[in-house]
1. Provide a whole-number value for the mean count of partner chain Cβ atoms within 10 Å of the Cβ atoms in peptide B:82-89.
2. Between the helical axis of A:224-248 and the dominant principal axis of chain A, each derived from Cα atoms, what acute angle in degrees is found, rounded to the nearest 10?
3. Nearest 20 debye, what's the magnitude of the dipole of the range B:1-93 about its Cα centre given +1 on Lys and Arg Cβ and -1 on Asp and Glu Cβ?
4. Mind checking which of B:G50, B:N268, B:H201 is farthest towards the positive end of chain B's charge dipole, using Cβ charges of +1 (Lys, Arg) and -1 (Asp, Glu) about the Cα centre?
5. Pairs B:K11/B:K188; B:K11/B:K136; A:K13/A:K164; B:K53/B:K149; B:K149/B:K232: which exceed 30 Å Cα-Cα?
6. List, largest first, the extents of the alpha carbons of chain B along their principal axes, each in whole Å.
7. Can you find, among A:Q197, A:S239, A:L116, the residue sitting farthest towards the positive end of the charge dipole of chain A, where Lys and Arg contribute +1 and Asp and Glu -1 at Cβ?
8. Label points 7 Å out from Cα along the Cβ direction at A:V21 and A:L192: separation in nm?
Amino acid sequence: MIATTGWRTLLYKETLRFWKVGFQTVGAPILTAVLYLMVFGHVLEDHVKVYGTVSYTAFLIPGLVMMSVLQNAFANSSSSIIQSKIMGSLVFVLLTPLSHWGWFLAYVGSSIIRGLAVGLGVFVVTIFFAMPDFAAPLWIFAFAFLGAAMLGTLGLIAGLWAEKFDQMAMFQNFLIMPMTFLSGVFYSIGSLPPFWQGVSHLNPFFYMIDGFRYGFFGISDTSPWLSFGIVGGAWLVVSAVAVHLLRIGYKIRG
Amino acid sequence: MPAISFQSVCKTYPATPQQRAQGKPGLRAVDDVSFQIEEGEFFGLLGPNGAGKTTLISMLAGLSRPTAGAVSVHGFDVQRDYAEARRHLGIVPQELVFDPFFNVRESLRIQSGYFGIKNNDAWIDELLHSLGLSDKANANLRQLSGGMKRRVLVAQALVHKPQVIVLDEPTAGVDVELRQTLWQFVAKLNKQGSTVLLTTHYLEEAEALCNRIAMLKQGRVIALDRTSELLKSAASNVLRFKTDADLPWEIAQHARITGRIVQLPAQNAHEVEQLLGALRQAGVAVEDVEMRKADLEDVFIDLMAGEQTPLEVAR
């Protein structure tokens, strides 16, 4: 069944695209996250307690879930656009009456769906190792949604900007990956020296993971409202950039 | 209201940094092009590689923006009213592109959906049948041959029943069967009222199908007329023969040479005698001599040789 309006069809197509290669786009990231949990959890479980009472494995689960959400949301929009640009199949969308808002909703929407699907998968598998609390479930959903939207939008911008896979890999490996890893996925930034705590506060990814983790434990390094404001504000800024690039046809219309 | 209108359209690609460093200007791919295509016409856009045909079509499709001028489809400006313009337009791109994630039917359903069309299976089935794709409906596009992929491109362009169909070299590198199937189907759509804009390097196809033709050279329209009028403008007859010898330069410069076959314009018996006499004098042995009527390719070669004044006859 095909959706009846243009942007919903593009959303459906983008979702179907990653679902058709689900082993690669959903299964593989879940396995990776579980491996992280097994290795780090095994090494550090008996040595580290976070927030005073939380076991390291339980602490790690929300971080890994959010990291998977962020990385896969980014991968979805960026890989779809760069692939279709290079293979030429983007022309099928370029020739349609879809507006730039339609493009934005569809590409970011499908990234959110993939990010949340992978995140849910990681969570379901990892709770066999430790069950975190659910202190504020609405915050869990809010930060997962916002984080996926933010990275889906960044992926859209990267996909439009990159002209070859090498440029995309540079964006992914030298920007997204370090910012994700250094955002507090594997540790609480409260354990860092003051200087590095200050540096971490300049990383917008930190607020996504910290706010998301607050939803589980009711404890965080920063107020969830501050995190929500920063992440929401950052998303609005990158969304404005993405919509503008789509409106002017940046690197997709000559 | 014309189906397609180009008004004083220019397209200049800016110089690359290397070209700028060498003091070279950007490339003017389309230079002040104006013409209209009326509803129901089968219109040919001809020209050598790099003449600006695909650039014109890209601007029509909204894939690139004119540097100056305006392009419209059924009165809708392709920049300002892009959504309406694109609803009226179905474009078969020149490159053989496909989305490897989907099968043929999925691709066509998705393309319908982009245009807000639901429950389009009856038309999709008709397209599949007409283009000989019925047994490939559930095949992934990766599994199809080049010719089959080309058919799918045609189906994708027609899936929203556009009033204007643009075919950018649709038969490049495809077999005779597809050509026959494609032209029968497109001619049928044209008879039913669709406007067709065709670019092709197969001039016999253009001559057979197009009511009117524009010829482009270096981004400018150098001829625009009814096909029959263009044919009249050329030498009415052509002398054709085979030879293994090199032709004298003064004859060779007017000749169309394909391997051993030489074709020369000749209006009447007197010119034929003169040509054969000159060849005999130059010691050129000829065989299989025959006369034929001039065709569009002769007109094209004459015009591209740049010896004729550009025609600006809009009919």
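1. Working: counts 4, 6, 1, 1, 5, 2, 1, 2.
Average per residue, whole number: 3.
2. 20
3. Computed about the Cα centre, the dipole is about 560 debye.
4. Farthest along the dipole direction, towards plus: B:G50.
5. Over 30 Å apart, Cα to Cα: B:K11/B:K188; B:K11/B:K136; B:K149/B:K232.
6. 72, 49, 41 Å, listed from the longest principal axis down.
7. Result: A:S239.
8. Each label point lies 7 Å from its Cα, and together they span 3.4 nm.
Coordinate-derived values only; no laboratory data. Being a predicted model, the structure only gives us computed values, none of them experimental. Virtual Cβ from ideal backbone geometry, glycine too; neighbours counted across all protein chains shown.
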